[in-house]
Amino acid sequence: MNIRAQVSSVFHLDKCIGCHTCSIACKNIWTDRKGAEYMWWNNVETKPGTGYPTKWEDQKQYKGGWEKAGSDLQLKMGNKSALLGRIFHNPDLPTMDDYYEPFTFKYQDLTNAPAGDDQPTARPVSMVSGKPMKIEAGPNWDDDLSGSNIYAANDPGVVQLSEEEQQQMFAIEKMVMFYLPRICNHCLNAGCVAGCPSGAIYKRGEDGIVLISQDKCRGWRMCVSACPYKKTYYGWSTGKSEKCILCYPRQEAGEAPGCFHSCVGRIRYLGVLLYDADRIEAVAKLEDKELAAAQREMILDPFDPEVIAAAKKAGIATAVMDAARKSPTYKFVKEWGIALPLHPEFRTLPMLFYVPPLLPILSKEQQGVQKLADDFFTSLEQARLPLKYLAGLFAGGNEEEIKAVYRKLIAVRIQRRNVTVGDLDNAEVDKAREIAGLSTETIEAIFRMTSLTSIKQRIVIPPMLREQAIEAGMDPEAYKQEMGFGSRKAPKRRW
Amino acid sequence: MIDMILFGVFPYVAVALAVAVGIYRYCFDRYSYSSQSSQFLESRALFWGSVPWHYAILLVLLAHLLAFLFPAAWGTLLGAPGRLYLLEVSGMVLGVVTCIAMLVLIFRRAANDRVSAVTTRVDWLLLVALLVQVATGVFIAISMRWGGFWYVHTVSPWLWSLVSFSPNVDYLASMPFVVKLHAVNAFFLVALFPFSRLVHVVSIPLAYIARPYQLVVWYRQRKQV
Ligand code: SF4
Ligand code: SF4
């Protein structure tokens, strides 16, 4: 057993209000500069929709993530030599048009215009070339289903549904959407790390944060293609790729990452998970439908004495183990089993999990008593978003996996409704609990963690023990991480 | 005198600059080592320029290098007319490919607003120098037949005389102007190497083939706690 600790996250989609505060917080801290304007390390998309960059989920187009090649696992872009052979031109690289061209407006025209009969206007100009341009896209162009006949209808998850299911989704009175905030998943089997020819991308051993060494990156831009989530970005002005750093400088100072801290809906949970690194490869090779469950299984119990002993042997600090025992993500993912990875079938073993959205379920009133439409399982199957669509997002197509989560979420909702409104049949509440397989206490705990927690309970940052860090240069053989993200010079071209 | 400066002194200056500045830049501004790819801004024309350019120029350079390093073996290799003919033709074709590809790349940089916005003056200088280099190369190949052959008796001994620190510029002094230009411009490119994006040629990531997919870096000494 080779135990490692991973700082992981859970996003509770039922709580996201789509306000984009997280994106702005991140932009203001990290990407508000030339060459990075178009990068949204944190972005929020509307589902169904094509997202950012457009259709990023379609790996037939972008070739991100892994695929099985015989008994081996190989990047979808091709094996290592094929990848090197395409270094002069990477056919799978998204271009700026797949994201959007960053723009600003010529505001000075408003004040500088000579007096005249017409109102002066501020024309949009490109932030790349400085020339006037037509704005045709933005990072959340399809927000709230705008242009749904172009965007939502072309969602790679929607396209694979049957005609009937699609119609059901877009029937005007049933039209439904939810928000999907995305950051780098800090994967266990990261595609970006595997695709980098320079070896500039690495996972930090202690906390699992994936970083790109800016000094080692040579701009080969293979990581951009290799990441199936399109969460590494090529800096067009610096010639370096960059990605979400999970605000490790803030975490090292004991602060929550910017997007977590600013989240208005308080949807974001952060905590340590323990896993067995020796199992990464075996798990990543499983069938699509087994992946979500296997990822849950490979997470180890921090209360288990055997795990504690093995962790000690692996050099995981006691303080980190304490944090692992308080970890809200452990509860969501492992203990309660209500958080799932996004697109586990990309096989990067993402460490950001989502509690799927419990969209309004159908109910009806009978003699003053609110009843779930007949049996809530039928209603689940007739849910406003087809289960198949949700299974395609969060479970590698495994509908049973999604159903199990929804049964639990529905049980929580029913029990809480009984407590606060008290208009349900007791038998119905018992039945929901029984079918979900949850005890009253667990439901109460899920409810508390979902709605009533303080930031200290939602975000449990392990001590990063910077005081024990080996400074770069002290032991160049064993610790050649150089400077990680932080470069001591301004990120601009000097030569 | 001018021959001595151009073919006896300048090459040393160029190589010294390349090594010294290259190392300085690597040690003190490693961040600046990048291919500065602009594919993200424009991908189609780049494909038609970059791919033929890189593969053709690598082969042409390889031929120059082999003929310089192993003149005797190279001479024997070209001993048979069939092989000489094959080399002559493939060299010429590759040369023409580099010329066309370079024109595509230059046109792309000039014509595409986004790409020209990320092009510096040094980039332009480099592109022009490269175009001069491949154009003179093709001109020489066409106007002075069987270059694969005479190279071994003129350029190769000159380069070896430079390597042994007893520069003998007579080999080049009697050559036509375009050959001289080709030779001087070659060392100009060497001199330009550390000051431009050309540095990316020393970062060809061949080690990738042998390394494991995943990389993990530990920040703390992992002692038993
Ligand atoms: S999500 Fe993050 S860690 Fe995973 S492959 Fe993409 S960039 Fe790498
Ligand atoms: S800040 Fe929170 S609630 Fe707002 S969009 Fe981001 S994740 Fe959703």
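The values are calculated or read from the model by the stated rules, or taken from the named source; none is laboratory data. All values derive from a computational prediction rather than experimental measurement. Positions of Cβ are generated from backbone atoms using ideal geometry, with glycine treated the same way; all protein chains shown enter the neighbour counts.
Can you pull out the residues in the range B:149-177 that are under 21 Å from the mean Cα position of the chain (by Cα), within 20 Å of B:Met4 (Cβ to Cβ) and not hydroxyl-bearing (Ser, Thr, Tyr)?
B:Val155, B:Pro157, B:Trp158, B:Leu159, B:Trp160, B:Leu162, B:Val163, B:Leu172, B:Phe177, listed by residue number.
Filter the range A:159-181 down to the residues that are at pLDDT below 90 and outside any loop (DSSP other than H, G, I, E, B) and list them by number.
Hits for the range A:159-181 are A:Val159, A:Glu163, A:Glu164, A:Glu165, A:Gln166, A:Gln167, A:Gln168, A:Met169, A:Phe170.
Pairs please, first residue from the range A:85-98 and farther than 17 Å from A:Cys227 by Cβ, second anywhere and hydroxyl-bearing (Ser, Thr, Tyr) and not in a loop (DSSP other than H, G, I, E, B), Cβ atoms under 8 Å, 6+ apart in sequence or on different chains.
What qualifies is A:Phe88/B:Ser50; A:Phe88/B:Tyr55; A:His89/B:Ser50.
Considering the range B:135-148 alone, what residues qualify as being out of contact with any Asp or Glu (no Cβ under 9 Å at 6 or more places or on another chain) and assigned to a helix (DSSP H, G or I)?
Filtering the range B:135-148 down to residues out of contact with any Asp or Glu (no Cβ under 9 Å at 6 or more places or on another chain) leaves B:135-140, B:142-144.
B:Ala135, B:Thr136, B:Gly137, B:Val138, B:Phe139, B:Ile140, B:Ile142, B:Ser143, listed by residue number.
If I ask for residues that are more than 8 Å from every other protein chain (Cβ to nearest Cβ) and either in a loop (DSSP other than H, G, I, E, B) or surrounded by fewer than 24 Cβ atoms within 10 Å (Cβ to Cβ) (or both), which ones from the range A:213-234 would you list?
Residues satisfying the conditions are A:Ser213, A:Cys227, A:Pro228, A:Tyr229, A:Lys230, A:Lys231.
Residues checked against (1) more than 16 Å from ligand 1 (Cβ to nearest atom); (2) part of a strand (DSSP E or B); (3) farther than 26 Å from A:Pro197 by Cβ:
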position	(1), (2), (3)
A:Glu57	no, no, no
A:Leu73	no, yes, no
A:Gly78	yes, no, no
A:Leu84	yes, no, no
A:Leu110	yes, no, yes
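Can you tell which of B:Ser156, B:Ser164 is hydroxyl-bearing (Ser, Thr, Tyr) and surrounded by 18 or more Cβ atoms within 10 Å (Cβ to Cβ)?
B:Ser156
Quick check, is A:Trp66 within 16 Å of the chain's Cα centre (by Cα), more than 12 Å from ligand 2 (Cβ to nearest atom) and within 29 Å of A:Asp207 (Cα to Cα)?
Working: within 16 Å of the chain's Cα centre (by Cα): no; more than 12 Å from ligand 2 (Cβ to nearest atom): yes; within 29 Å of A:Asp207 (Cα to Cα): yes.
Answer is no for this residue.
Any residue in the range A:162-183 that is closer than 19 Å to A:Leu246 by Cβ, among the polar types (S, T, N, Q) and more than 8 Å from chain B (Cβ to nearest Cβ)?
Scanning the range A:162-183 turns up no residue that is closer than 19 Å to A:Leu246 by Cβ, among the polar types (S, T, N, Q) and more than 8 Å from chain B (Cβ to nearest Cβ).
Taking the range A:41-59, which residues are at negative phi and more than 16 Å from ligand 2 (Cβ to nearest atom)?
Within the range A:41-59, A:Pro48, A:Thr50, A:Pro53, A:Thr54, A:Trp56, A:Glu57, A:Asp58, A:Gln59 meet the criteria.
Do the conditions hold for A:Cys26, that is, is it away from ligand 1 (no atom under 16 Å from the Cβ) and under 15 Å from the mean Cα position of the chain (by Cα)?
No; evaluated as a whole, the condition is false for this residue.
Being in contact with a Phe, Trp or Tyr (Cβ under 8 Å, 6 or more places away or on another chain), without any contact (Cβ under 8 Å) to a residue 40 or more places away in the chain and away from ligand 2 (no atom under 16 Å from the Cβ) narrows it down to one residue among A:Gly219, A:Gly205; which is it?
After applying the criteria, what remains is A:Gly219.
Pick out the one residue from B:Pro167, B:Pro157, B:Pro194 that is touching a Gly at 6+ places or on another chain (Cβ under 6 Å) and either in a helix (DSSP H, G or I) or hydrophobic (A, V, I, L, M, F, W, C) (or both).
Of the residues listed, the single one that is touching a Gly at 6+ places or on another chain (Cβ under 6 Å) and either in a helix (DSSP H, G or I) or hydrophobic (A, V, I, L, M, F, W, C) (or both) is B:Pro194.
Counting only residues that are more than 11 Å from ligand 2 (Cβ to nearest atom), more than 15 Å from the chain's Cα centre (by Cα) and touching a residue at least 24 places away in the same chain (Cβ under 8 Å), which one in the range A:248-270 is farthest from A:Tyr330 (Cα to Cα)?
So, considering only residues that are more than 11 Å from ligand 2 (Cβ to nearest atom), more than 15 Å from the chain's Cα centre (by Cα) and touching a residue at least 24 places away in the same chain (Cβ under 8 Å), the one farthest from A:Tyr330 (Cα to Cα) is A:Pro249.
Determine which member of the set A:Asp98, A:Asp109, A:Asp117 is at pLDDT 90 or above and either under 22 Å from the mean Cα position of the chain (by Cα) or under 23 Å from B:Trp48 (Cα atoms) (or both).
Result: A:Asp98 is the single residue among A:Asp98, A:Asp109, A:Asp117 that is at pLDDT 90 or above and either under 22 Å from the mean Cα position of the chain (by Cα) or under 23 Å from B:Trp48 (Cα atoms) (or both).
Going through the range A:10-40 one residue at a time, which ones are near ligand 2 (Cβ under 9 Å from one of its atoms) and basic (Lys, Arg)?
A:Lys15, the sole residue that qualifies.
Would you list the helices (runs of 4 or more DSSP H) that sit entirely within the range A:393-495 and hold 3 or more residues that are within 14 Å of another protein chain (Cβ to nearest Cβ) and at pLDDT below 90?
No helices (runs of 4 or more DSSP H) qualify here.
Would the range B:204-216 turn up any residue that is surrounded by fewer than 18 Cβ atoms within 10 Å (Cβ to Cβ), part of a loop (DSSP other than H, G, I, E, B) and more than 14 Å from chain A (Cβ to nearest Cβ)?
Checking the range B:204-216: not a single residue is surrounded by fewer than 18 Cβ atoms within 10 Å (Cβ to Cβ), part of a loop (DSSP other than H, G, I, E, B) and more than 14 Å from chain A (Cβ to nearest Cβ).
I'd like the full set of residues that are crowded, with 17+ Cβ neighbours inside 10 Å and either more than 22 Å from A:Val405 (Cβ to Cβ) or acidic (Asp, Glu) (or both), limited to the range A:291-305.
Within the range A:291-305, just A:Pro302 meets the criteria.
Within the bounds of the range A:284-296, is there any residue that is in contact with a Leu (Cβ under 6 Å, 6 or more places away or on another chain) and farther than 17 Å from A:Pro350 by Cβ?
Scanning the range A:284-296 turns up no residue that is in contact with a Leu (Cβ under 6 Å, 6 or more places away or on another chain) and farther than 17 Å from A:Pro350 by Cβ.
Please count how many residues of the range A:305-331 are away from chain B (no Cβ under 14 Å), over 22 Å from A:Ala284 (Cβ atoms) and part of a helix (DSSP H, G or I). Don't jump to the end; show me each part of the working.
Step one: of the range A:305-331, the residues away from chain B (no Cβ under 14 Å) are A:305-307, A:323-331.
Applying the additional criterion that residues be over 22 Å from A:Ala284 (Cβ atoms) yields A:305-306, A:323-328, A:331.
Okay, now just the ones that are also part of a helix (DSSP H, G or I), so A:305-306, A:323-325, A:328, A:331.
Total meeting the criteria: 7.
So, in the range A:83-93, how many residues would count as being within 25 Å of the chain's Cα centre (by Cα) and either over 16 Å from A:Trp220 (Cα atoms) or more than 8 Å from chain B (Cβ to nearest Cβ) (or both)?
Matching residues across the range A:83-93 total 1.
Just to check your reading of the model, which residue among A:Cys184, A:Cys192 is crowded, with 17+ Cβ neighbours inside 10 Å, touching a Cys at 6+ places or on another chain (Cβ under 8 Å) and either among the β-branched types (Val, Ile, Thr) or part of a helix (DSSP H, G or I) (or both)?
A:Cys192
Given the residues A:Cys184, A:Cys227, which is the only one that is out of contact with any helix residue (DSSP H, G or I) (no Cβ under 8 Å at 6 or more places or on another chain) and near ligand 1 (Cβ under 10 Å from one of its atoms)?
A:Cys184
Please verify whether A:Gly254 is in the same structural domain as A:Trp56 (by TED's automatic domain parsing), surrounded by fewer than 23 Cβ atoms within 10 Å (Cβ to Cβ) and within 16 Å of ligand 1 (Cβ to nearest atom), treating the condition exactly as stated.
no
Picking from A:Ser241, A:Ser237, which residue would you name as being in a strand (DSSP E or B) and small (Gly, Ala, Ser)?
Matching residue, one of A:Ser241, A:Ser237: A:Ser241.
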